[in-house]
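The values are calculated or read from the model by the stated rules, or taken from the named source; none is laboratory data. All of these numbers come straight from a predicted model, not from anything done at the bench. Quick reminder, even Gly has a Cβ in these numbers, built from the backbone with ideal geometry, and neighbours come from all protein chains shown. Keep in mind that these areas ignore ligands, DNA and RNA; they rest on the heavy atoms of the full protein, side chains included. Shrake-Rupley method; radii C 1.70, N 1.55, O 1.52, S 1.80 Å.
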Amino acid sequence: MKFYKRGLLRLIEASGGLSLLRWKNRFVPQVLMFHRIIKSSFINGLAPDEFEKQITYVKKNFRLVPIETLLSEVSSNQIKPYTMAITFDDGHQDFYYNAWPILKKHHVPASLYVTTGFVNNDTWLWPDLLKYVILNAKNKSIDIFPIGALSLAEIDVMASWHILGDFCLTLPETEREQFIKKIAMLTDIYPPPAPVPPFLPVTWDQLREMVDDGLDVGSHTITHPILNSINPARIHEELAGSATMINNNLNIIPKGICYPNGRLSDINDLVIQQAAQIGYRYGLLARNHPISSNAPFLIGRLPTHDDFDYFKWIVSHRSTEHDSSYLN
């Protein structure tokens, strides 16, 4: 963040502006979205100490409740002031080692939406696979159609990952798989069939332990596809199969579906209809979107940010400027 913007945000906070904004929005429920809690130069996420700062801040300034409590109050038009729920996507192992101990320490309820094929070690999450390939590339530059020449040198690798990842988001699933395989071939690196550190998933045993301690677990599908890009039978398989897998392993019926990538354009009426028919009670977006009792399958969320000053602004102001996808 630029110096003058940071100074302005701190001035707003010091003058009571953030408190005023929170008061103004006190009856607007919020769902906060996290992904990875890990300190790494090459993985987008929050360092554990920064995550604890954020949790401490929201616990002080908001009423933190399970997401089902928040949605129940919304549906009955009885939302209480400053209500917020905490959510996590995907199910990487750093949730167990880094996030969960902090949440337990501060007695903060949370929901984790897991990609069940990932937890099973049956599949990589494709952004992780792409990053593994370019981080371990033997050839430090590629020229790939239609993007062109890209440097994979350490100083450039994250920018190149974003360029490649943004292009992958435009591709159908099979074409995306072939595109990543082509990058692997060009870089002379052949990834293992299952994720390796630092891309490991949480295990079912770890999930059982956390569920026993109060963690809420929902579905993030089996393989993390963009749901409106696949056929109806596959949509049903991704939604129902993941719920069955969670039930079989954790003995709970997941109530929430978290849509992969999470834009409004990534789902459609068929996705919502199938989710409701399967037994889900709500669906989560990865975008800031109004939370309404009339649309339980379009629950918007606020993305976190690794700049603490801007994070405080986001949760106080409900800014829509910081939009976030899985890649972010």
Checklist entry - Just checking, which of N77, N121, N44 is outside any helix (DSSP H, G or I) and over 20 Å from the mean Cα position of the chain (by Cα)? => result N77
Checklist entry - For segment 234-250, does any single residue satisfy the condition of being in contact with an Asp or Glu (Cβ under 9 Å, 6 or more places away or on another chain), within 24 Å of K104 (Cβ to Cβ), open to solvent by 20 Å² or more (accessible area, probe 1.4 Å) and touching a residue at least 40 places away in the same chain (Cβ under 8 Å)? => result no
Next on the checklist: Looking for something modelled with pLDDT under 95, open to solvent by 20 Å² or more (accessible area, probe 1.4 Å) and not in a helix (DSSP H, G or I) - is there at least one such residue anywhere in segment 276-287?
Outcome noted: yes
Checklist entry - Just wondering, is there one or more residues in segment 301-313 that are over 23 Å from A99 (Cα atoms), out of contact with any Asp or Glu (no Cβ under 9 Å at 6 or more places or on another chain) and either of a type in the set (K, R) or not in a loop (DSSP other than H, G, I, E, B) (or both)? => result no
Next on the checklist: Among (1) surrounded by 14 or more Cβ atoms within 10 Å (Cβ to Cβ); (2) more than 25 Å from the chain's Cα centre (by Cα), there is one condition G91 misses while meeting the rest; what is its number?
Outcome noted: (2)
Checklist entry - Identify, please: which residue in segment 94-117 is in a strand (DSSP E or B) and closer than 14 Å to G214 by Cβ and is, among those, farthest from the chain's Cα centre (by Cα)? => result S111
Next on the checklist: So, R301, is that one open to solvent by 50 Å² or more (accessible area, probe 1.4 Å), modelled with pLDDT of 95 or more and not hydrophobic (A, V, I, L, M, F, W, C) or not?
Outcome noted: no
Checklist entry - List pairs: first in segment 92-116 and in contact (Cβ under 8 Å) with a residue 40 or more places away in the chain and under 16 Å from T203 (Cβ atoms), second part of a loop (DSSP other than H, G, I, E, B) and acidic (D, E), Cβ under 9 Å, 6+ apart or cross-chain? => result W100/D213; T116/D122
